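The values are calculated or read from the model by the stated rules, or taken from the named source; none is laboratory data. In this text the structure is predicted, and so the values were computed from the model without any measurement. Virtual Cβ from ideal backbone geometry, glycine too; neighbours counted across all protein chains shown.
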Amino acid sequence: MKRDSRLSSVLHALLHMAEHDGPMTSEALGLCLGTNPVVVRRTMGLLREAGLVAAARGHAGGWRISADLRTVSLRQLHEALGEPAIFAIGNRNETPDCLVEQAVNAALDHAFEEAETLLLKRFAAVSLADLAGDFARRHAARRAAQE
């Protein structure tokens, strides 16, 4: 089953944007992400609707972050992307009258709800600034190791 990696891709793009002086084009972000610029524009459009990025046209145009990194959480980004399914696993619903299937689904539903609640709570506690800080530390450590 294919995983939805849009949140990871958006975080990757936003961290590149945060490190870049000035706006970044969809083409440049597409190169960073290994994807088509059309995919970048479609995804960034969702973030623009949420007020997290802005776009400028023209020669010096491109995408830029319009929100404070300290106030943007992973949960906000997840919501801006349309709240894709958290888990790629789910219940079997082939025979809804089957009592075994009902018992299994009830147990799984409860576990899924608990896990999703915990994960979304964690998403709310992590900001873009947290990720940018972690990246900066990793980048500095790599530079120091190469010297």
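Summary of values
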| item | result |
| --- | --- |
| Qualifying residue in the stretch 58-75 (condition: of a type in the set (Asp, Glu), under 24 Å from PHE135 (Cα atoms) and out of contact with any Cys (no Cβ under 8 Å at 6 or more places or on another chain)) | yes |
| The one condition in (1) touching a His at 6+ places or on another chain (Cβ under 8 Å); (2) within 30 Å of ALA140 (Cβ to Cβ) that PRO84 fails to fulfil | (2) |
| Lone unmet requirement of (1) part of a loop (DSSP other than H, G, I, E, B); (2) surrounded by 11 or more Cβ atoms within 10 Å (Cβ to Cβ); (3) hydrophobic (A, V, I, L, M, F, W, C) for LEU46 | (1) |
| Inter-residue pairs, beta-carbon under 8 Å, first free of Cβ contacts under 8 Å to residues at least 60 places away in the same chain and in the stretch 117-137, second surrounded by 15 or more Cβ atoms within 10 Å (Cβ to Cβ) and among the polar types (S, T, N, Q), 6+ apart | PHE123/SER73; ALA124/SER73; ALA125/SER73; VAL126/SER73; SER127/SER73 |
| Residue in the stretch 73-93 that is modelled with pLDDT of 90 or more and in contact with a strand residue (DSSP E or B) (Cβ under 7 Å, 6 or more places away or on another chain) present | yes |
| Selection within the stretch 88-122 - surrounded by 11 or more Cβ atoms within 10 Å (Cβ to Cβ) and in a loop (DSSP other than H, G, I, E, B) | GLY90, ASN91, ARG92, CYS98 |
| Any hit, the stretch 53-72, residues being basic (Lys, Arg), assigned to a loop (DSSP other than H, G, I, E, B) and exposed (fewer than 13 other Cβ atoms within 10 Å of the Cβ) | yes |
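One line per residue, one yes/no per condition, for (1) among the acidic types (Asp, Glu); (2) touching an Asp or Glu at 6+ places or on another chain (Cβ under 9 Å); (3) farther than 30 Å from MET17 by Cβ:
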site	(1), (2), (3)
GLY90	no, no, yes
ASN105	no, no, yes
ASP109	yes, no, yes
LYS121	no, no, no
ALA140	no, no, no
GLN146	no, no, no
